[in-house]
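The values are calculated or read from the model by the stated rules, or taken from the named source; none is laboratory data. Everything numeric here is computed off the predicted structure, so don't read it as measured data. All Cβ positions, glycine included, derive from the backbone under ideal geometry; neighbour counts span all protein chains shown. All accessible areas refer to the heavy atoms of the entire protein, side chains included, with ligands and DNA or RNA removed. Shrake-Rupley method; radii C 1.70, N 1.55, O 1.52, S 1.80 Å.
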Amino acid sequence: LNKYNALTGEKVSTLFEESDPKYVHPTHPLVFLPWQPHEFIWWSERDGYDHLYLYSDNGRPLKQITHGRWVVNEIVGFNAAAHKVIITAAKESPLEKNIYTVNVENGRMDRIDKGAGMHTATCSQDGRYVLDVYNGAGIPKNTFVRATNNSLSHELMKSPDPLADYERPMIKDVIIRAADGITPLYGKLILP
């Protein structure tokens, strides 16, 4: 990661480097903390999972913000007053995406959404609320407004099941192992 002078475009310094025997592929830009402009969040898979790390703007690592055998999917926003980042992650299951707040100072995670499934979050500018749109197996699209401190959960829309009047096949979730015998691969078996 290199630092450049924004006015001249000249390279100032290399802040740090990451390497891996296979490859490194930064897929997310760094994000500066709104309440601490000299610190930023860096995404890395250095522990085998896509997690968030806190750095100072001189390239000094400060801490790992998220930990575990799961991945962070996206940074949705910040609650600057509470020093929290709002994320989606596959923490509960690799087959789900849920919404969490993470306290940047102590790493405490709190789940915001309530239902199993794939949650898409849009965060208010101040980070106090998220619009949670989700669906899942047997759950048509639902839309809620939720407070990021879990003090409010208000349903805006619950879609009816568009397939309720149809005969549907049985669908079974399956897990097979990759060639290494360890890595789980998730799929669905749709019976005739």
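Points to keep in mind about this one:
- Close Cβ contacts (under 6 Å, 6 or more residues apart or on different chains) running from residues in segment 141-161 that are surrounded by 14 or more Cβ atoms within 10 Å (Cβ to Cβ) to residues that are acidic (Asp, Glu) comprise 144/132; 144/155; 146/132.
- Where residue 80 falls short, out of the listed (1) at pLDDT below 95; (2) surrounded by fewer than 16 Cβ atoms within 10 Å (Cβ to Cβ); (3) not charged (D, E, K, R): (1)
- Residue in segment 80-93 that is more than 14 Å from residue 109 (Cβ to Cβ) and in a loop (DSSP other than H, G, I, E, B) present: yes
- Take the conditions (1) within 24 Å of residue 117 (Cα to Cα); (2) crowded, with 19+ Cβ neighbours inside 10 Å; residue 69 misses just one of them, which is (2).
- Across segment 121-137, the number of residues qualifying as of a type outside the set (A, V, I, L, M, F, W, C) and closer than 22 Å to residue 96 by Cα comes to 6.
- Matching residues in segment 162-184 - criterion: being part of a strand (DSSP E or B) and open to solvent by less than 80 Å² (accessible area, probe 1.4 Å): 174, 184
- Members of segment 19-34 that are among the aliphatic types (A, V, I, L, M) and modelled with pLDDT under 90: 24
- Residue match in segment 107-125 (condition: in contact with a Pro (Cβ under 8 Å, 6 or more places away or on another chain), part of a strand (DSSP E or B) and surrounded by 13 or more Cβ atoms within 10 Å (Cβ to Cβ)): no
- Residue 44 being of a type in the set (S, T, N, Q), open to solvent by less than 10 Å² (accessible area, probe 1.4 Å) and at pLDDT below 95: yes
- Matching residues in segment 127-138 - criterion: being farther than 22 Å from residue 85 by Cα and either open to solvent by less than 60 Å² (accessible area, probe 1.4 Å) or touching a Pro at 6+ places or on another chain (Cβ under 8 Å) (or both): 136
- Considering only residues in segment 24-41 that are aromatic (Phe, Trp, Tyr) and either part of a loop (DSSP other than H, G, I, E, B) or open to solvent by 80 Å² or more (accessible area, probe 1.4 Å) (or both), the one that is nearest to residue 88 (Cα to Cα) turns out to be 32.
- Leading residue by the ranking (least open to solvent (accessible area, probe 1.4 Å)) among those in segment 47-62 that are assigned to a loop (DSSP other than H, G, I, E, B) and in contact with a His (Cβ under 9 Å, 6 or more places away or on another chain): 50
- Qualifying residue in segment 4-23 (condition: under 20 Å from residue 148 (Cα atoms) and open to solvent by 50 Å² or more (accessible area, probe 1.4 Å)): no
- Number of residues in segment 63-78 that are of a type outside the set (S, T, N, Q), under 11 Å from the mean Cα position of the chain (by Cα) and assigned to a loop (DSSP other than H, G, I, E, B) equals 2.
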